[in-house]
Amino acid sequence: MDNSYKESKMKNPDAKCRFCPCCNGKACTGELPGMGGVYGNSNFVANYEGWETASKNGENDRGLFPEIWLAPMTGAVENIGYHSERDYYFDMIKACSLAGINISIGDGVPDEKLLFGLEAMERENVKGGVFIKPYSDEKIFERMEKAGNRATLIGIDIDAYSIITMRNLAKLEKKTAASLKRIQEKVHESGLPFAVKGIFFPEEKELLEELNPDIAVISNHGGRVETRKGSTADFLAAYAKEFAPLCGELWVDGGLRTTSHLKAAVGLGAKAVMIGRPFVSALMSGGTEAVKKTAEELNGG
């Protein structure tokens, strides 16, 4: 056990992150609630290893960088071990804003999780993406109203109906193209872009063909939902050319940890990446300055 681990645990004894030098999914196997994932962390591990392979294969030797967005993580007390859900949002959004990271927030049970995120964005005078889980259309519309003028885009986390920790807490749906089309129309009426997050099946090409969303996020929820086995890097490599014409932009998340990983994401066709665990670990171990340092390292600084 190295000193950085000991120091991080002393600062946050309740933290569920293990503060590994390399966040590759091998130490927190099966820890849900917690920072781990399903299937014995297999997709979490695969995500990291997929980006390692892509970066070593020389993807994007031109050195181009994607936009970096904070992933819409919730359940700070249950999954992260933060002392307060509200404080997590306030601390994380402040830290990422100061670090120049694009903000996105999510929702969950209870509704206060979304409200805390919006409150934090208002306090920091920033706007960002609002990602809503696949509730009934009516409940999604209600949450869109709550997002108000803080949202720069509205996204639906279509794979979130498979989140284990939300079972028996909320009635989530497997959204059809018709349902998503209604939501998309409502989002566009408000003048905002529409995102579909959780694209991870080849057959979801048909969904993109019907919707032509502004943003499609390749994601397996960081390995935390029951879906097909595999990495987001491999999926992007296999389907980016086929999927890119069917949406405005392709984004990707899951297992991105280094500058080389981010360059590889661009090389494989991603416009933006969404980062979660690295910023959580940084916030828990060193606060705002650690988040800023992590952002600088990801940007090649």
Rounded, prolate or oblate: which one fits segment 154-282, using the alpha carbon gyration tensor with axes a ≥ b ≥ c (rounded when a/c is under 1.5, else prolate when a/b beats b/c, else oblate)? oblate
For the chain, what is the accessible area per residue in Å² when the probe is 1.4 Å? 42
May I ask for the net charge around Pro278, where only other residues with Cβ less than 11 Å from the Cβ of Pro278 are counted and Lys, Arg are +1 while Asp, Glu are -1? +2
Residue farthest toward the positive end of the dipole of segment 173-281, with Cβ of Lys/Arg at +1 and Asp/Glu at -1: which of Phe194, Ser231, Trp251? Ser231
With the charge dipole of the chain built from beta-carbon charges (+1 for Lys and Arg, -1 for Asp and Glu) about the Cα centre, the Cα from Ile68, Asn299, Met274 projecting farthest to the positive end belongs to Asn299
I need the peptides 242-254, 95-107 ranked by packing, meaning the mean over residues of other C-beta atoms within 10 angstrom, with the highest value on top. 95-107, 242-254
So, how do all the Cα-to-Cα distances of the chain break down into 10 Å bins, in percent, from 0 on up? 6, 30, 39, 22, 3, 0
Once the dipole of the chain is set up with Lys and Arg at +1 and Asp and Glu at -1 on Cβ about the Cα centre, which of Cys22, Tyr161, Gly117 lies farthest towards its positive end? Cys22
Nearest 20 debye, what's the magnitude of the dipole of segment 211-286 about its Cα centre given +1 on Lys and Arg Cβ and -1 on Asp and Glu Cβ? 240
Could you pull out the pairs from Lys94/Lys146; Lys197/Lys263; Lys133/Lys171; Lys133/Lys175 whose alpha carbons sit more than 18 Å apart here? Lys94/Lys146; Lys197/Lys263
Keeping the other protein chains in place, figure out the carbon and sulfur percent of the accessible area of the chain, with a 1.4 Å probe. 47
How much FRET efficiency would the formula 1/(1 + (r/R0)^6) give for Glu296 and Glu242, where r is the Cβ-Cβ distance and R0 is 41 Å, rounded to 0.05? 0.75
Considering only the chain, percent of DSSP beta bridges that pair antiparallel, nearest 5: 5
Between Phe65 and Phe201, the two model label points (7 Å from Cα along the beta-carbon direction) sit apart by a distance in nm of 3.7
Dipole magnitude (debye, nearest 20) for the chain, charges at Cβ of Lys, Arg, Asp, Glu: 500
Cα to Cα, under 19 Å, and not fewer than 8 places away if on the same chain: which aspartates and glutamates meet these conditions relative to Lys139? Asp107, Asp111, Glu112, Asp157, Asp159, Glu173, Glu185, Glu189
Just subtract the alpha-carbon distance of Glu210 and Arg182 from 0.36 nm times their residue separation and send over the number in nm, one decimal. 8.9 nm
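The values are calculated or read from the model by the stated rules, or taken from the named source; none is laboratory data. Just so it is clear, the model here is predicted, and its values are computed rather than measured. Counting neighbours? That spans all protein chains shown, and the Cβs are built from the backbone with ideal geometry, glycine included. Protein only, heavy atoms only, side chains kept; ligands, DNA and RNA dropped before computing areas. Shrake-Rupley method; radii C 1.70, N 1.55, O 1.52, S 1.80 Å.
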